[in-house]
Amino acid sequence: MFDEFFTIGEVSKSTSIPISTLRYYDKVGLLSPAFKNDDTNYRYYIPMQIITLKIIGHMRHLGFSIEYIKSHFDNMDYEHTLELFEKVLLETKLEIEKLKNTEKELIESFDKFKENFELEKKIGIPFIDKTSDIKGVIYNDPINSLRELNKTLKNIDNFEVTNNLHPLLRGFKVSFENWKKNRFSKDCLIANMKEEIHNISIIIPKGKYACVYGKGTFEEQNIVENLLIWIEENGYSPKNEFYLTFTDLIMFKSKKDFLYLLRVPIF
């Protein structure tokens, strides 16, 4: 009798389908062994089932789900299977488009990561930059303490998640008047979004800026004071506010990892 049957191991070797997958097909009702020995719990397949399993393997390779393959075998109708092919084609096209978008984001993130790696070498070295208008979103909640800052960030996170927004840049606008009173004071939080339609306000106006990159807890450092000294030594005068922006979210684990850019408008 067993000359006409194949063990699950032989079937696995013949079809290149793992034994665990064959057992799964049995469990979900896609294809069960022709015979099971209740005493040994061994599974046995007939030759025709090997052909069926190769068909299943090919359809899985094409992207058919278990549900679709079961539907194909349950109906065995050309028109029905053509509809299944159309569904898989559509799903595949959508997946390809999704992968293209993921590839684009990966390239952008790679370039940004590489850029930030180079910026690490420039920390603490002032430079002059001419900036074009940067548009984005302005969050006007007043921030005068670390507690208010955390509350505002939480509200903004909720807003961005709810509206499916993706910030490319976040930061603060700070007046020197407020900075001198309280180093945790921020006039407003600003963000530049990937979704261009939401970038309706000028968050950093075009002009000439004295800039410096820093890393760590900004409020606990003297980077503003040091940059102001550099500005004066180089014959410039600062305006009445500065901008602090953060772009590197990948290399962030704690406050000491913050890579930021300080911009002071000058004339």
Next item on the list: Would you please list the contacts, defined by Cβ atoms under 7 Å and residues six or more apart or on different chains, that run from a residue in region 122-146 that is more than 17 Å from Tyr260 (Cβ to Cβ) and open to solvent by less than 50 Å² (accessible area, probe 1.4 Å) to a residue that is of a type in the set (Gly, Ala, Ser) and assigned to a strand (DSSP E or B)?
Entry: Val137/Ala191; Val137/Ser201
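Can you pull out every residue in region 41-68 that is part of a loop (DSSP other than H, G, I, E, B) and over 22 Å from Glu10 (Cβ atoms)? Quick ask: steps written out before the conclusion?
Initially, region 41-68 is screened for residues part of a loop (DSSP other than H, G, I, E, B), giving 41-42, 46, 63-65.
Of everything in region 41-68, those that are part of a loop (DSSP other than H, G, I, E, B) and over 22 Å from Glu10 (Cβ atoms) turn out to be Gly63, Phe64, Ser65.
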Check: Considering only region 126-152, how many residues are out of contact with any strand residue (DSSP E or B) (no Cβ under 7 Å at 6 or more places or on another chain) and either basic (Lys, Arg) or not in a helix (DSSP H, G or I) (or both)?
Finding: 7
Next item on the list: Collect the residues in region 58-112 that are of a type in the set (Val, Ile, Thr) and without any contact (Cβ under 8 Å) to a residue 12 or more places away in the chain, keeping them in residue-number order.
Entry: Thr81, Ile96, Thr102, Ile107
Margin query: Given the criteria closer than 30 Å to Leu262 by Cα, open to solvent by 60 Å² or more (accessible area, probe 1.4 Å) and not in a helix (DSSP H, G or I), does Ile107 qualify?
Written below: no
Check: What strands (runs of 3 or more DSSP E), lying completely within region 155-232, carry at least 2 residues that are of a type outside the set (Ser, Thr, Tyr), at pLDDT below 95 and within 19 Å of Ser132 (Cα to Cα)?
Finding: 167-175, 188-193
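Is there a residue being over 22 Å from Val137 (Cα atoms), in contact with a Lys or Arg (Cβ under 8 Å, 6 or more places away or on another chain) and not basic (Lys, Arg) anywhere in region 187-196?
Within region 187-196, not a single residue is over 22 Å from Val137 (Cα atoms), in contact with a Lys or Arg (Cβ under 8 Å, 6 or more places away or on another chain) and not basic (Lys, Arg).
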Margin query: If I filter region 164-222 down to residues being among the charged types (D, E, K, R) and in contact with a Ser or Thr (Cβ under 6 Å, 6 or more places away or on another chain), which single residue comes out as least open to solvent (accessible area, probe 1.4 Å)?
Written below: Asp187
Notebook entry, point to check: In region 84-100, is there at least one residue being open to solvent by 80 Å² or more (accessible area, probe 1.4 Å), outside any helix (DSSP H, G or I) and closer than 24 Å to Gly29 by Cβ?
Noted result: no
Check: How many residues are in a helix (DSSP H, G or I) and open to solvent by 100 Å² or more (accessible area, probe 1.4 Å) when one looks only at region 73-83?
Finding: 4
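The values are calculated or read from the model by the stated rules, or taken from the named source; none is laboratory data. What you are looking at is a predicted structure, and each value in this text was computed from that prediction instead of being measured. Cβ sites come from the backbone with ideal geometry, for glycine too, and all protein chains shown count toward neighbours. Remember, those area values only see protein heavy atoms, side chains included, never the ligands or the DNA or RNA. Shrake-Rupley method; radii C 1.70, N 1.55, O 1.52, S 1.80 Å.
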